[in-house]
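Have a look at the structure below before the remarks.
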Amino acid sequence: MKKLKYKLFSKEPVELSGDCYIMALESSCDETACAIVKNGREVIANVVASQIKTHEKFGGVIPEIAAREHLDAVNVVIDEAFREAKENANLNPEDITAFSATVGPGLVGCLLVGLNAAKTLALTYDKPFIGVNHLNAHICANYIDTDLKPPFMALLVSGGHTQIIDVKSYDEQTILGETIDDAVGEAYDKVARLIGLPYPGGPKLDKLAQEGNPFAFKLPEGKVDGYNFSFSGLKTAVLRLVKSFDEVPVKDVCASFQETVSSTLLKKLKSALEEKGYKQVVIAGGVAANSEIRKKVFSLENEGYKVFAPPMKYCTDNASMVASCAYFNTNTFDDVNVEVFSRVH
Ligand code: KG4
Ligand code: ZN
């Protein structure tokens, strides 16, 4: 892999060749993370500071508080990543090839913290800076410790997004379909809240669902064209169902909700695979940690597909996926004047 990158404030291109060590920062939501990845696939250091404890009491992420917590944590995670890199690979800060950070989509006040830290490191060590799209990064989590190469189909399911993406090459991606209302993770968190589970409800709902009967209640699948999704109707149906009981059969409600979501996702993913004729499929994003979604997507292996899913720690927000993306994807934001962004337009 041969790529040209520019140092900040410099017109002199730097050729990224030979072994490439990228340090990345991730601070788009409620995790402050720093990682160092070799050649896009080998994790040398991976540090994540979670803010879940802080936001738990509010039942969701408060952007202003999150940004301040990132400020407190950012230097700690950078120091720890450098320490791990020294211990694991005898790597010094001067050995880093380029510095990277998530630019968006995410909470702007939060993104600014990681972005400015990475730019400062790039200036200090006189190395290129590479800005990364958070959604691309989630997909790139699948390159870590694997030999995955495009083309493949990706199902991206996170707190903010639900997309089926045709990944034609490392740089060329087309969104074939996405949610027209709630993202899967958002639906999980809202339903979880409705049945009284603390934030973030997704993983807790998943646990309860595994003990319930997935066919206890028939819930409606969102009827939308093509590869698009809709989950807000399902959420309302769960609300109605929950209200109809004096004592809610929580495990069965969770299992039925999970069954409806996962079978909808699988159905659309499968028809996208068939249409494009791909034999490889990946799942990505925080909700890719979900037990039933994983199980259903992995069942495609029985039909001859090769399935990739990152291990849990690289499904939810982390910086290793950002470093991998900075290495593989050339659609990056390398300008010193790059602005953070909250949404993709
Ligand atoms: O990708 P991510 O870490 O952050 C975003 O970029 O959104 O995803 C977080 C989302 C949350 O909504 C969380 O509830 C959900 O992923 N999540 C899960 C599971 N683990 C995390 N949802 C369902 N089942 C899980 N096991
Ligand atoms: Zn994410």
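LYS251 versus (1) at pLDDT 95 or above; (2) closer than 21 Å to ALA141 by Cβ: which is the lone unmet condition? The one condition LYS251 does not meet is (2).
Only one of the listed residues (VAL282, VAL322, VAL238) is within 16 Å of ligand 2 (Cβ to nearest atom) and touching a Phe, Trp or Tyr at 6+ places or on another chain (Cβ under 6 Å). That residue is VAL282.
Taken over segment 218-258, the criterion of being basic (Lys, Arg) and either within 17 Å of ASN290 (Cβ to Cβ) or buried (at least 21 other Cβ atoms within 10 Å of the Cβ) (or both) is satisfied by LYS235, LYS251. Determine whether ASN88 is in a strand (DSSP E or B), in contact with a strand residue (DSSP E or B) (Cβ under 7 Å, 6 or more places away or on another chain) and either modelled with pLDDT of 90 or more or on the phi < 0 side of the Ramachandran plot (or both). No, not satisfied.
Can you work out which of the residues in segment 156-201 that are of a type in the set (A, V, I, L, M, F, W, C) and farther than 30 Å from PHE58 by Cβ is surrounded by the fewest Cβ atoms within 10 Å (Cβ to Cβ)?
Step one: filter segment 156-201 for residues of a type in the set (A, V, I, L, M, F, W, C), giving 156-157, 164-165, 167, 175-176, 180, 183-184, 187, 191-192, 194-195, 197.
Then keep just the ones that are farther than 30 Å from PHE58 by Cβ; that gives 164-165, 167, 175-176.
On the way: ILE164: 25, ILE165: 24, VAL167: 23, ILE175: 15, LEU176: 20.
Looking at residues that are of a type in the set (A, V, I, L, M, F, W, C) and farther than 30 Å from PHE58 by Cβ, I get ILE175.
Once segment 144-163 is narrowed to residues that are touching a helix residue (DSSP H, G or I) at 6+ places or on another chain (Cβ under 7 Å) and either more than 16 Å from ligand 1 (Cβ to nearest atom) or basic (Lys, Arg) (or both), the residue that is nearest to VAL242 (Cα to Cα) is MET153. For segment 290-329, the set of residues classified as in a helix (DSSP H, G or I), more than 17 Å from the chain's Cα centre (by Cα) and away from ligand 1 (no atom under 16 Å from the Cβ) consists of SER299, LEU300, GLU301, ASN302, GLU303, listed by residue number.
Which residues, counting only those in segment 292-342, are small (Gly, Ala, Ser) and out of contact with any Ser or Thr (no Cβ under 9 Å at 6 or more places or on another chain)? Steps first, please.
If we filter segment 292-342 for residues that are small (Gly, Ala, Ser), which is where we start, we get 299, 304, 309, 319-320, 323-324, 326, 342.
Residues satisfying the conditions are SER299, GLY304, ALA309, SER320, SER324, SER342.
Mind checking which residues of segment 36-77 are of a type in the set (Val, Ile, Thr), under 20 Å from the mean Cα position of the chain (by Cα) and part of a helix (DSSP H, G or I)?
Within segment 36-77, the subset of a type in the set (Val, Ile, Thr) is 36-37, 43-44, 47-48, 52, 54, 61-62, 65, 74, 76-77.
Adding the requirement that they be under 20 Å from the mean Cα position of the chain (by Cα) leaves 36-37, 43-44, 47-48, 52, 61-62, 74, 77.
ILE52, VAL74, VAL77, listed by residue number.
Among all residues of segment 292-301, there is at least one that is within 16 Å of ligand 2 (Cβ to nearest atom), more than 17 Å from ASP145 (Cβ to Cβ) and outside the structural domain of ILE22 (by TED's automatic domain parsing).
Which one is nearest to ligand 2 (Cβ to nearest atom), of the residues in segment 170-227 that are part of a loop (DSSP other than H, G, I, E, B) and of a type in the set (A, V, I, L, M)? Reasoning before the result, please.
Step one: list which residues in segment 170-227 are part of a loop (DSSP other than H, G, I, E, B), which gives 170-172, 180-183, 195-200, 210-227.
Next, from what is left, pick out any that are of a type in the set (A, V, I, L, M): 180, 183, 195, 197, 216, 219, 224.
Details: ILE180: 20, ALA183: 10, ILE195: 24, LEU197: 20, ALA216: 31, LEU219: 26, VAL224: 23 Å.
Result: ALA183.
Residues that are farther than 30 Å from VAL336 by Cα and away from ligand 1 (no atom under 14 Å from the Cβ) are absent from segment 123-135 altogether.
Just checking, which of VAL113, VAL61, VAL76 is more than 12 Å from ALA24 (Cβ to Cβ), exposed (fewer than 15 other Cβ atoms within 10 Å of the Cβ) and among the aliphatic types (A, V, I, L, M)? Spell out how you get there, then give the answer.
Working: VAL113 fails: exposed (fewer than 15 other Cβ atoms within 10 Å of the Cβ); VAL61 fails: exposed (fewer than 15 other Cβ atoms within 10 Å of the Cβ).
Going through VAL113, VAL61, VAL76 in turn, the sole match is VAL76.
For segment 149-161, name all the residues that are part of a loop (DSSP other than H, G, I, E, B) and either under 19 Å from the mean Cα position of the chain (by Cα) or within 16 Å of ligand 2 (Cβ to nearest atom) (or both). Answer for segment 149-161, where residues must be part of a loop (DSSP other than H, G, I, E, B) and either under 19 Å from the mean Cα position of the chain (by Cα) or within 16 Å of ligand 2 (Cβ to nearest atom) (or both): LYS149, PRO150, SER158, GLY159, GLY160, HIS161. In a residue-by-residue description of segment 96-107, the property of being crowded, with 19+ Cβ neighbours inside 10 Å, farther than 19 Å from TYR327 by Cα and either of a type in the set (A, V, I, L, M) or more than 20 Å from the chain's Cα centre (by Cα) (or both) applies to at least one position.
Every residue in segment 270-289 that is away from ligand 1 (no atom under 16 Å from the Cβ) and assigned to a helix (DSSP H, G or I), please. Hits for segment 270-289 are LYS270, SER271, ALA272, LEU273, GLU274, GLU275, LYS276. The set of residues in segment 122-148 that are surrounded by fewer than 22 Cβ atoms within 10 Å (Cβ to Cβ) and part of a helix (DSSP H, G or I) comprises LEU123, THR124, TYR125. Only one of these is surrounded by fewer than 24 Cβ atoms within 10 Å (Cβ to Cβ), closer than 26 Å to HIS70 by Cα and among the aliphatic types (A, V, I, L, M): ALA326, ALA284, ALA289. Name it. When all the criteria are applied, what remains is ALA289.
The values are calculated or read from the model by the stated rules, or taken from the named source; none is laboratory data. Source: prediction; values computed, not measured. Because the Cβ atoms are built from the backbone with ideal geometry, glycine has one as well, and the counts that use them run over all protein chains shown.
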